[in-house]
Amino acid sequence: MPTGAPARQRGRHRAATPPSRLARITAGLGTSTGGRYRNAVVAASLGLVAVGGGAAASTGHISPVGSTEATGTAAVAPVRATADAKLDFARSTVASVSKAQVDQEAQAAAAAAKAELLKTQPVNDPAGAQAYASSQLAKFGWGQDQMQALVTLWNLESDWSTTATNSSSGAYGIVQALPGSKMASAGDDWQTNYRTQIDWGLGYIKDRYGSPANALTFHYASGWY
């Protein structure tokens, strides 16, 4: 080593690490600049912003970019939608009514209306009355062979008229009940409903004569039954 040469340090020579960005900026600001500006410059270099204008900057209050914090205005929180959110929809229940059910209800309503009508307005329908009487024979233990005798018997009495009235005796209805109020045991509508009259008349024949044929035979002999 030549005399006078500077002594070399042991180990590898390392270059001085350059000062950081923040250190350079800080060093460049003299003390005369003042602390209230230093914070603002440092914040700008680091991607931060001073919120609330000069007043906030002078106090050194710094908020990150994107913060919802603010002074003087209401903070608005971000609205986030959850990807897996479940939505429940209320379903109204609609009752299903079949056509058969609608028809059945309509028929029931029509029958009820007709029954109410029969209570106040007599129905003189000899063909309908005979059809109904024929449908009731089996209930009393008779066959259809008794129908002709029944038709003949009540033709002699009333011609199957619901409102037939004997002017001399006061006998009333298809079956010529005497008095007519006897038929009230079969229904309150005995004055207007041929079904009620027939129900009572068939029961009367069953109890007194046993069959329409026997009742007709008695009628031929006496003129009444």
inquiry  = On the basis of being buried (at least 19 other Cβ atoms within 10 Å of the Cβ), assigned by TED's automatic domain parsing to the domain that holds PHE218 and under 22 Å from GLY223 (Cβ atoms), does SER158 make the cut?
reply    = yes
Quiz item: Do we have ALA221 as out of contact with any Lys or Arg (no Cβ under 7 Å at 6 or more places or on another chain), outside any loop (DSSP other than H, G, I, E, B), closer than 15 Å to ALA149 by Cβ and modelled with pLDDT of 95 or more here?
Solution: yes
Given (1) at pLDDT 75 or above; (2) in a loop (DSSP other than H, G, I, E, B), ALA75 misses just (1)
For this session: Tell me, yes or no, whether the stretch 142-154 has at least one residue that is in contact with a Gly (Cβ under 8 Å, 6 or more places away or on another chain) and either in the same structural domain as THR196 (by TED's automatic domain parsing) or within 15 Å of GLY201 (Cα to Cα) (or both).
Result: yes
Across the stretch 192-218, the tally of residues that are touching a residue at least 24 places away in the same chain (Cβ under 8 Å) and either of a type in the set (Asp, Glu) or not assigned by TED's automatic domain parsing to the domain that holds LEU156 (or both) stands at 1
Being modelled with pLDDT of 95 or more and over 16 Å from LEU216 (Cα atoms) narrows THR152, THR165 down to just THR165
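The values are calculated or read from the model by the stated rules, or taken from the named source; none is laboratory data. The model shown is predicted, which means the values in this text are computed figures rather than measured ones. Please note: Cβ atoms are built from the backbone with ideal geometry, for glycine as well, and neighbour counts cover all protein chains shown.
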